[in-house]
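Student: The structure under discussion is supplied below as structure tokens; questions concerning it will follow.
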Amino acid sequence: MTATLLATRRVEKPWGRHTLWPGFADPAPADAPIGEVWFQTPHADEPDLLIKYLFTSEKLSVQVHPNDDQAHARGLPRGKDECWVVLAAEPDSTIALGTLVPMSQEELRQSALDGSIEHKLDWKPVKAGDFYYSASGTIHAIGAGITVIETQQNSDTTYRLYDYGRPRELHLDDGVAVADAVPFVAPSAPGRVADDRILLVEGPKFVLERWPGGERSVVLPTGVPGWFVPITGEGYADGVAWKAGECLLLEGTTQITASIGSDLLFAYPGDKRI
């Protein structure tokens with residue numbers, strides 16, 4: 001079997017929601033809100049990437065992640081670059097990326113301590129269909145009322161700089177040390193590549209493509225996994241039925257059939273270009 005339907009892990013978060021997204025069962029009103037749904041691989045070893053949905057009802061903390069070298073220096077397997085495909089957003093929803101002006105480490109630390117950092121970030125309005133790539137070192141925060149699919153290096157190392165007064169631990173020493181407190185510069189716009197694939201990310205940490213429905217054959221080198229994420233639609237991958245809200249791990253050669261009108265994502269490690 002070259003296609004494996006991945007198990008989901010529902011993660012309770014105080015900033016999560018009770019109304020999720022088509023394909024996901026809503027939590028009961030008396031239960032804790034769900035903020036994330038992770039797709040977990042069956043392999044014993046830790047995969048390079050992690051795919052998850054995020055559902056927000058409040059602003060997430062202002063945070064930053066280390067790069068690979070900084071993570072390795074702390075004995076961690078990798079840093080954390082991540083990106084977001086926005087599926088839905090309230091009219092006033094925003095995502096913060098970078099600072100409005102360059103800040104020194106001391107300015108960053110002080111603004112985190114006194115709370116003024118919230119107003120020194122570049123809060124960008126977002127809508128369904130938007131895409132953002134947040135490289136390691138980028139100070140960022142996802143706002144309220146947003147549903148996204150996040151593709152990331154598989155790391156849970158997050159340095160929280162500010163949390164709007166919530167009683168959670170901050171990581172100012174680590175966060176200030178790895179943060180690039182500068183205005184955000186978006187990577188070049190995604191472009192159309194071979195056939196009907198749209199390239200959203202082209203490494204070096206991972207590759208992310210967006211596909212329409214139809215028939216296609218996916219060929220992965222030996223030992224290179226790929227994550228197939230249907231946003232909408234339904235179909236089969238080598239006889240394994242799938243639908244929106246699921247994720248399949250692909251290996252080797254896989255024949256995919258997707259209903260017309262499907263909206264599909266496909267990710268794989270950036271150092272294993274195919």
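Student: Compute the acute angle (0 to 90°) between the alpha-carbon long axis of helix 105-114 and the principal axis of greatest extent of the alpha-carbon atoms of the chain; round to the nearest 10°.
Tutor: Compared with the principal axis, the helix lies near 80 degrees.
Student: Which of the three applies to the stretch 191-269, rounded, prolate or oblate, going by the alpha-carbon gyration tensor with a ≥ b ≥ c and a/c under 1.5 meaning rounded?
Tutor: Oblate is the answer for the stretch 191-269, as a/c is 1.5 or above yet b/c matches or exceeds a/b.
Student: Output needed: percent of Cα pairs per 5 Å distance bin for the stretch 56-178, bins running from 0 to the one holding the longest distance.
Tutor: Final binned percentages: 2, 12, 21, 23, 21, 15, 6, 1, 0.
Student: Next up: Given that just one value was derived from the coordinates, which of (1) 18.7, 57; (2) 17.5, 50; (3) 20.9, 68 is Rg and Dmax of the Cα atoms in Å?
Tutor: Recomputing Rg and Dmax of the Cα atoms in Å here gives the entry labelled (1).
Student: Would you mind telling me which residue in ALA28, ALA237, ALA258 has the biggest mean-square fluctuation in a Gaussian network model of the chain, where springs connect alpha carbons within a distance under 10 angstrom?
Tutor: Highest fluctuation among the options: ALA28.
Student: Within 10 Å of each candidate Cβ there may be at most 14 other Cβ atoms; applying that plus a DSSP loop requirement, which GluC sites (Glu not before Pro) in the stretch 141-214 survive?
Tutor: Loop-located and lightly packed - GLU169.
Student: Among SER262, SER217, SER134, which one shows the biggest mean-square fluctuation in a GNM of the chain, springs joining Cα atoms closer than 10 Å?
Tutor: SER217
Student: Cα-Cα over 22 Å: which of LYS13/LYS59; LYS13/LYS120; LYS59/LYS80; LYS52/LYS243?
Tutor: As for pairs spanning more than 22 Å Cα to Cα, those are LYS13/LYS120.
Student: Now for a different question. Specify the residue with the greatest mean-square fluctuation among PRO167, PRO91, PRO47, computed from a Gaussian network of the chain linking alpha-carbon atoms under 10 Å apart.
Tutor: PRO167
Student: Follow-up. Could you tell me which residue out of GLN110, ALA144, LEU172 lies farthest along the dipole of the chain toward its positive end? Charges go on the beta carbon: Lys and Arg +1, Asp and Glu -1, centred on the Cα centre.
Tutor: Comparing the listed Cα positions along the dipole, ALA144 ranks first.
Student: Modelled label-to-label distance, ASP26 and VAL219, 7 Å Cα→beta-carbon offset: nm?
Tutor: 4.7 nm
Student: Can you give the longest run of the chain that contains no trypsin sites (Lys or Arg not before Pro) sitting in a DSSP loop with at most 16 other Cβ atoms inside 10 Å?
Tutor: After excluding every exposed loop site, the longest remaining stretch is 198-271.
Student: Rounded to the nearest 20 debye, what is the charge dipole size of the chain about its Cα centre when +1 sits on each Lys and Arg Cβ and -1 on each Asp and Glu Cβ?
Tutor: Value, rounded to 20: 220 debye.
Student: Counting helices only, and only those DSSP H runs with n ≥ 4, report the 222 nm mean residue ellipticity of the chain as the sum of -39,500 (n - 2.57) divided by its residues, in deg cm²/dmol to the nearest 500.
Tutor: After summing the helix terms and dividing by the residues of the chain, the value is -2000 deg cm²/dmol.
Student: Next question. Would you mind working out the magnitude of the charge dipole of the stretch 46-168 relative to its Cα centre, with +1 at each Lys and Arg C-beta and -1 at each Asp and Glu C-beta, to the nearest 20 Debye?
Tutor: Details: 12 positive and 18 negative charges, 35 e Å.
I would put it at about 160 debye.
Every read-out reported here was derived from the displayed coordinates using simple, explicitly stated rules and does not represent laboratory data. The shown structure was predicted, so the numbers you read here are calculated from the model rather than taken from an experiment. For neighbour counting, all protein chains shown are included, and Cβ atoms are generated from backbone atoms with ideal geometry for every residue, glycine included.
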